[in-house]
Every structure is written in structure tokens, then in C-alpha cells.
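Computed from the coordinates by the stated procedures, all read-outs in this text should not be read as laboratory data. On a predicted model such as this, the values are computed, not experimentally measured, just so you know. Note that we place each Cβ from the backbone using ideal geometry, even for glycine, and neighbour counts take in every protein chain shown.
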């Protein structure tokens, strides 16, 4: 076993950790994009709202629309701000200083190479083992799973909300044309 193998293993785990972080960012970006699209469709709904002819069917469709829009927004919030906590065992020497997986420590660096250099310096002092990296990867994987599940729910409820909005508009123009 050569001295280079542990660093290669750590490089691989850091690469996996970086990919998990990118997946977290993509899920957040998709959620924010969906939230923006909801805003556009809400404005579109407000434009047509004053023209809606009151009927039982239009009332049901409007209620469905608002219920599913509120569900979509709540699911999007669960993507952006996931609500669960799990502590990672941190070695005592790292608790006060640089901990490679905390946001507070990572935001101090402008480039990945600076971060990696400090990561290896701490690794020599504290012996960052593969278990710590693996725990961080597992935690991010669980967060990704949670975010993607709620992103899927928000897309489904958004589709139902938009379908009901389109049905409202079709009903509106149907009543205008066939008066």
C-alpha cells in the first residue's frame, strides 16, 4: 500500500461530495424556477379572475386551483428549506477550527484548490478518515433524496393547479362565446 492511495481515496470521496453538493444546488434552482412560474401564472389568473362568470363549476375549479397552488408552494418550501437535523460526529480538534464539511468553513475559500489545500492540512493534523467523508456523503444523499421527493410532489401539484387554471379560462371563454 503506497502513500498515494489514501489521498486518491479522499480525492474520490471529495469528488462524490462535490457532486452531491451540485445536485443540492440543482434541486434548489428547480424549486426557485417553479416558484417563479407559479408567480407568472398567478398574475395570469388575476387578469382573468374579474371576468369569471360565477357558477358551481367555476367555484370548484377556483378552489382546486388555490388548494393546489398552496400545496405547491409548501412543497417548494420543503425543497428550499428541508426540516430535519442530524449531527455528525466531529473530532474535538475540528470543533473550534476548520471543519471541512460545514458551510461556515467552506465559505472562507474562493477556490476549490485553496479549500483542498486546507483540507489536506487538517487531514494531516487530525487524520480525517474515510468514515467522516462517507458520513457527509450519506447525509447529503439523504438531503438530496428529501429535496427530490418534495420537488416531485411540487411538480405534480403544480401540474394539477395549472390544469385547473386552464379549465377555468376555457370555461370563461366558453361562457362568453356561447351566451
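On the stretch given as the stretch 10-31, residues that are surrounded by 12 or more Cβ atoms within 10 Å (Cβ to Cβ) and more than 22 Å from residue 132 (Cβ to Cβ) total 5.
The set of residues in the stretch 43-66 being buried (at least 17 other Cβ atoms within 10 Å of the Cβ) and within 28 Å of the chain's Cα centre (by Cα) consists of 45, 64, 65.
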